[in-house]
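One structure is given here, and the rest of the page talks about it.
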C-alpha cells in the first residue's frame, strides 16, 4: 500500500513538472522571430516652436512617447531617423535610458506576470472580481464588451444601489487606450478600489450615494498583454490590417471628426496613429461608446502617459470650444489639487495647442456629442532618468494619490451640475445614436 502511494505521488509530481516544462517551452516558442521585431530608437529633441513645426510637417505623425518641460521624446525607426536628419532636426539618442524593447525570459516569470506591481490583464480581472465580491452592495463588475482576441473589457460600477439604474449623474474614468502606458491602468483601478474601501468616510459615501461612478481601467487588453510579453513599446490594439501590419490606435478611432485630416491621425495601417478603416471599427471603442450611451455621463477622464499635463477639447482644431472657460477652470482646479499632494504641477490647456493635433480621440468625441467636460490626463514620467516611460513600481501609489483629489473634485462637480442643469435626456441620446449611425455610413 505504501509503495503504491509513493508511486502515485511520484507520478503526480512528474506530471506537474512536465506540464510546467511544456508550458514554458510553448511560451518560448510563441515569441515572434527576430525578423518580426521593429528596430527602434528612443530619441529626444528640444521642445521649440521650430522643432514642433517641423514635426507637424511630416505626412505621418511621429510616435510621441513622452514630453518634459523642455524636451520631446519619440520612438523612431531607422527610416524616420533619416527623415528627421534630412529635415534638419537635431536629436539625441536616449535608448539606453529606457527598458529594452523586448522583455527577457527572466522578466516573464509566472509570479510577476512580467510587469511586477503593474497589473496584467488576468491580474486586473481577478482583482476587479474580488472587489465586486467583497463590496457587493456598492460595487458591480460588468463586461461591457470583448476585445479582438476575445478578452473581456471590464467595468466597475460603483453606487449605493448598484443593482439599479437610478436617475443620478454618471462619471466615467478610462485607462489604457495605449498598450505601453501601464501606469494608466493603475490610476483608475486604484480610484475604484479607494472608493469602495473608504465608503465609510462621509465625503466618499456622499459621492457614491449621489452618483454612478464607472471605472474601465483597461480599454486595450490585447495590446497590454502584447506590450508585457513581446514588445514593450507597443501602442495600438492587435487588429491584423489589410497590408499585413498590426494595430489600430484606439484613441484615433472614435466617431467625432474621425479622419478629418491626416495630421491628427493616419490613414496608413503601419502608422502608430492609424485611425482604422472606419469610426468605431474596433470592438474596444465600440464597448466604450455603448456604455456611454446607456447612462447620463456628466464628465469623463481618460488616463494616458507620460507628459504630466491635463488636456481638454478640442484636439482636432486650434479653435476654442464653446465651453472653453468651464473646461479651463475645471482643469485649473484639478491641477491645483494635484500639486497640493506631492508638489508636482500638471500643466493644463486645450489639447491641440499644448503639443499636436489629434482627431477621433475619446475626449473630443465625448465633448462633441454630449457637451460634457472631458479630459485627457497625461500622467507624469516620474522616473525619467532611470527608464522614464516605465515608472518604478514605487511610483504607482504617489501618482495615484496626486490624481485622487482631482478625480473626487470632478465627481463632486458632476453631481452638482446634474442637479442644477438638465442631464442627458432620451432625446439627446437618440440624437447621438443617429449621429454615430451617420458616421458609420461614411
Looking at (1) in contact with a strand residue (DSSP E or B) (Cβ under 7 Å, 6 or more places away or on another chain); (2) surrounded by fewer than 20 Cβ atoms within 10 Å (Cβ to Cβ), which one does residue 203 not meet, given that it meets all the others?
(1)
Given (1) surrounded by 24 or more Cβ atoms within 10 Å (Cβ to Cβ); (2) within 23 Å of residue 55 (Cβ to Cβ), residue 266 misses just (1)
Do we find a residue being in contact (Cβ under 8 Å) with a residue 60 or more places away in the chain and in a loop (DSSP other than H, G, I, E, B) anywhere in region 339-355?
yes
Given the structure, is residue 264 in contact with a helix residue (DSSP H, G or I) (Cβ under 9 Å, 6 or more places away or on another chain) and on the phi > 0 side of the Ramachandran plot?
no
Regarding region 274-282, can at least one residue be identified that is touching a strand residue (DSSP E or B) at 6+ places or on another chain (Cβ under 9 Å) and at pLDDT 95 or above?
yes
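Listed residues 123, 143; which is at pLDDT 85 or above and more than 16 Å from residue 182 (Cβ to Cβ)?
143
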Take region 213-234 and flag every residue that is closer than 25 Å to residue 42 by Cα and in contact with a strand residue (DSSP E or B) (Cβ under 7 Å, 6 or more places away or on another chain).
221, 233
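If a residue has to be outside any helix (DSSP H, G or I) and either at pLDDT below 50 or under 27 Å from the mean Cα position of the chain (by Cα) (or both) to count, how many in region 399-435 make the cut?
Residues in region 399-435 being outside any helix (DSSP H, G or I) and either at pLDDT below 50 or under 27 Å from the mean Cα position of the chain (by Cα) (or both): 3 in total.
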Residues of region 250-276 classified as assigned to a loop (DSSP other than H, G, I, E, B), farther than 19 Å from residue 287 by Cβ and in contact (Cβ under 8 Å) with a residue 12 or more places away in the chain, total
14
Is one or more of the residues making up region 297-308 crowded, with 22+ Cβ neighbours inside 10 Å, in contact with a strand residue (DSSP E or B) (Cβ under 6 Å, 6 or more places away or on another chain) and assigned to a loop (DSSP other than H, G, I, E, B)?
yes
Among the residues in region 314-327, are any out of contact with any helix residue (DSSP H, G or I) (no Cβ under 8 Å at 6 or more places or on another chain) and under 25 Å from residue 180 (Cα atoms)?
no
Residue tally, condition under 26 Å from residue 192 (Cα atoms) and either outside the structural domain of residue 155 (by TED's automatic domain parsing) or surrounded by fewer than 24 Cβ atoms within 10 Å (Cβ to Cβ) (or both), over region 309-325:
1
Return yes when residue 363 is modelled with pLDDT of 95 or more and part of a strand (DSSP E or B) and no when it is not.
no
Inspect all residues belonging to region 241-249 and state whether any of them is farther than 20 Å from residue 40 by Cβ and modelled with pLDDT of 95 or more.
no
Going through region 147-179 in order, the residues found to be free of Cβ contacts under 8 Å to residues at least 60 places away in the same chain, under 13 Å from residue 221 (Cα atoms) and buried (at least 24 other Cβ atoms within 10 Å of the Cβ) are 179
Among (1) under 20 Å from the mean Cα position of the chain (by Cα); (2) crowded, with 17+ Cβ neighbours inside 10 Å, the one test that residue 55 misses
(1)
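The values are calculated or read from the model by the stated rules, or taken from the named source; none is laboratory data. Only a predicted model underlies this, so the values are computations on that prediction, with no experimental measurement involved. Positions of Cβ are generated from backbone atoms using ideal geometry, with glycine treated the same way; all protein chains shown enter the neighbour counts.
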